[in-house]
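**Q** Attaching a single structure in structure tokens format; questions to follow.
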Amino acid sequence: MKSILLEMKNITKEFPGVKALDDVNLQVLEHEIHALCGENGAGKSTLVKVLSGVYPHGSYEGRILYKNKECEFKDIRQSEELGIVIIHQELALIPELSIAENIFLGNEQATQGVINWNETKRKTKELLEVLGLDESPDTLIKNIGVGKQQLVEIAKALSKDVQLLILDEPTAALNENDSENLLKLLLALRKKGITAILISHKLNEVKQVADKVTIIRDGKTIETIDAKEITEDRIIRGMVGRSLSNRYPDRTPAIGADFFEVKDWNVYHPIQQDRQIVKDVNFHIKRGEIVGIAGLMGAGRTELAMSIFGQSYGKKKSGEVIKDGKPVDVSTVHKAIEAGIAYVSEDRKKYGLILMNDIKENITLSKLDKIAKRKIVNEFDEYEQAEMYRKKMNIKTPSVHQVTGNLSGGNQQKVVLSKWIFSDPDLLILDEPTRGIDVGAKYEIYSIINQLSNEGKGILLISSELPEILGMCDRIYVMSEGEFTGEVSVEDATQELLMKCMTKSKGNAL
Ligand SMILES: Nc1ncnc2c1ncn2[C@@H]1O[C@H](COP(=O)(O)OP(=O)(O)OP(=O)(O)O)[C@@H](O)[C@H]1O
Ligand SMILES: [Mg+2]
């Protein structure tokens, strides 16, 4: 019999106007991987923040027992002292510091008050090796993608003496390969005696590794499911209270004429200016068409999209963007928006939202003209429009006056989507649009994408989830090492075929 490592009893946590947790109970046994599942805004992140002392004792009701001892953490440091380490949903690394500096920040390797850099870097190297992350300890965080940043967060946790590792959506930003490695790592850590609490919307991964799943719905614990009973359908039933027979909504494509084209597009790295990131890319999109770009992390998909959207990425570009037969100027974000292009960033925190501002300001920001008269924002229109999107996108919040940073991860994603749909684009570029979104809300977002395409908009969908690409797109381009290495219609596409193109270079393209 495994013994009980952690018990959270009758936890209730309120924010102004929101009861995020309502009498939640959680029991975690030693050496198990315990998953927490629930819809966006169900209270998962809040629960683990209570556990780790982010929300200190006194700011919630209920009890926490760790190894049978009552815990009243005042801050995160106190929980870390007991070996409870949390990796947050929203990454918290400092972009201007190196990987090594980030890993040992607050836990400096020092002798007599002086930081021992050799030791810091040696230990960093060791950790990076364990994680299979091929980067130098000196590399700045801002120069690596979110996927790699996630691995650095895990390295940071491992550098502490961790017993209970809490991962809040660790694979949301990772591609399938890296996710797979991370899950293997979790299983290896379990063998070493580390217990994990795993929050994830990727139910296939939960099924793969979890020993138990506790379901939270509307701030309440619904049930805990045992390993042998865990199936995706079973989890979904717990989460939403019913089965979901189809993951992708039906759509009858109404595809019109070609209207958007990118020709001979070349982009170089912003700092290392000899490094070509996007190589001679050509593509076109028809009205009403949903076109996917599949590729591995680092293939250059985001860089391609951002360079088209107002030169938000890269230097020394060449190539042409043509819309409705005429060249268009996309040299600034403003001009790109004017040209009818919208880009939903994969990195919502950095590029997608102003977290300090409220929801209504974020939603309307992409096209203030729509709610302004003589350059003055009409606050009533702003409110009305934002309200409409709140209802349409089912954003879980007491009101659109709420500060966006207070929303749950998935609901923030819905605000970013609303913002760009509000700009009324002809071409909507979606970069990992359902990252961190629960299964039910994904369906809602897919329905919205379908509806936009039926209105004649072109959609460019960048996604690391191949089932999503296959389930949603009419046509798929594959990108590898900055080049397009394949183009397939959805009828001909299979995961295997796409994977093949994702890992090959142009020399032997389809
Ligand atoms: N600091 C805060 N201030 C006000 N409300 C908050 C705050 N943090 C969370 N909430 C609210 O509490 C509820 C639970 O949020 P939480 O982040 O725990 O959800 P979650 O289950 O982690 O969702 P997701 O899957 O989207 O990450 C949501 O309604 C959210 O808006
Ligand atoms: Mg969360």
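The values are calculated or read from the model by the stated rules, or taken from the named source; none is laboratory data. Predicted model only: the values in this text are computed from it and were never measured. Ideal geometry is used to build each Cβ from the backbone, glycine not excepted, and the neighbour counts take in all protein chains shown.
**Q** Here is a check on your reading of the model: is residue 235 modelled with pLDDT under 95, of a type in the set (Val, Ile, Thr) and not in a loop (DSSP other than H, G, I, E, B)?
**A** Working: modelled with pLDDT under 95: yes; of a type in the set (Val, Ile, Thr): yes; not in a loop (DSSP other than H, G, I, E, B): yes.
It is true that residue 235 is modelled with pLDDT under 95, of a type in the set (Val, Ile, Thr) and not in a loop (DSSP other than H, G, I, E, B).
**Q** Within segment 396-431, count every residue that is among the aliphatic types (A, V, I, L, M), within 9 Å of ligand 1 (Cβ to nearest atom) and under 19 Å from the mean Cα position of the chain (by Cα). Steps first, please.
**A** Start the filter on segment 396-431 by keeping residues that are among the aliphatic types (A, V, I, L, M), which leaves 400, 403, 407, 415-417, 421, 427-430.
Retained after the next criterion (residues that are within 9 Å of ligand 1 (Cβ to nearest atom)): 403, 407.
Those left that are additionally under 19 Å from the mean Cα position of the chain (by Cα): 407.
Summing the residues that are among the aliphatic types (A, V, I, L, M), within 9 Å of ligand 1 (Cβ to nearest atom) and under 19 Å from the mean Cα position of the chain (by Cα) in segment 396-431 gives 1.
**Q** As an exercise: evaluate residue 278 against (1) touching a residue at least 40 places away in the same chain (Cβ under 8 Å); (2) surrounded by fewer than 22 Cβ atoms within 10 Å (Cβ to Cβ) and give the number of the one condition it does not meet.
**A** With (1) touching a residue at least 40 places away in the same chain (Cβ under 8 Å); (2) surrounded by fewer than 22 Cβ atoms within 10 Å (Cβ to Cβ) applied to residue 278, the lone miss is (2).
**Q** When segment 367-411 is examined, which residues are found to be part of a helix (DSSP H, G or I), surrounded by 21 or more Cβ atoms within 10 Å (Cβ to Cβ) and of a type in the set (S, T, N, Q)?
**A** Within segment 367-411, 404, 411 qualify.
**Q** Determine whether residue 121 is farther than 25 Å from residue 296 by Cα and either part of a loop (DSSP other than H, G, I, E, B) or touching a residue at least 12 places away in the same chain (Cβ under 8 Å) (or both). Working first, answer last.
**A** On the way: farther than 25 Å from residue 296 by Cα: yes; either part of a loop (DSSP other than H, G, I, E, B) or touching a residue at least 12 places away in the same chain (Cβ under 8 Å) (or both): yes.
Judged against the criteria, residue 121 is a match.
**Q** Same structure again: Run down 14, 70, 32 and say which single residue is more than 16 Å from ligand 2 (Cβ to nearest atom) and farther than 26 Å from residue 190 by Cα.
**A** Values: 70 fails: farther than 26 Å from residue 190 by Cα; 32 fails: farther than 26 Å from residue 190 by Cα.
Going through 14, 70, 32 in turn, just one is more than 16 Å from ligand 2 (Cβ to nearest atom) and farther than 26 Å from residue 190 by Cα: 14.
**Q** Taking strands (runs of 3 or more DSSP E) that do not extend beyond segment 136-230, which have at least 2 residues that are more than 16 Å from ligand 1 (Cβ to nearest atom) and touching a strand residue (DSSP E or B) at 6+ places or on another chain (Cβ under 7 Å)?
**A** Values: elements: 164-168, 195-199, 212-217, 220-226.
Strands (runs of 3 or more DSSP E) meeting the threshold: 164-168, 195-199, 220-226.
**Q** Could you identify the single residue in 159, 179 that is touching a Phe, Trp or Tyr at 6+ places or on another chain (Cβ under 8 Å), away from ligand 2 (no atom under 16 Å from the Cβ) and more than 14 Å from residue 32 (Cα to Cα)?
**A** Numbers: 179 fails: touching a Phe, Trp or Tyr at 6+ places or on another chain (Cβ under 8 Å).
Being touching a Phe, Trp or Tyr at 6+ places or on another chain (Cβ under 8 Å), away from ligand 2 (no atom under 16 Å from the Cβ) and more than 14 Å from residue 32 (Cα to Cα) holds for just one of 159, 179, which is 159.
**Q** Are any residues in segment 150-167 small (Gly, Ala, Ser) and within 14 Å of residue 196 (Cβ to Cβ), and if so, which ones? Lay out the reasoning, then the answer.
**A** So the first thing to find is which residues in segment 150-167 are small (Gly, Ala, Ser), and the list is 155, 157, 159.
Hit for segment 150-167 is 157, nothing else.
**Q** Looking at segment 70-93, which of its residues are loosely packed, with under 15 Cβ neighbours inside 10 Å and over 19 Å from residue 193 (Cβ atoms)? Talk me through it step by step, then tell me what you get.
**A** If we filter segment 70-93 for residues that are loosely packed, with under 15 Cβ neighbours inside 10 Å, which is where we start, we get 70, 72, 74-75, 77, 81, 90, 92.
Across segment 70-93, the qualifying residues are 70, 72, 74, 75, 77, 90, 92.
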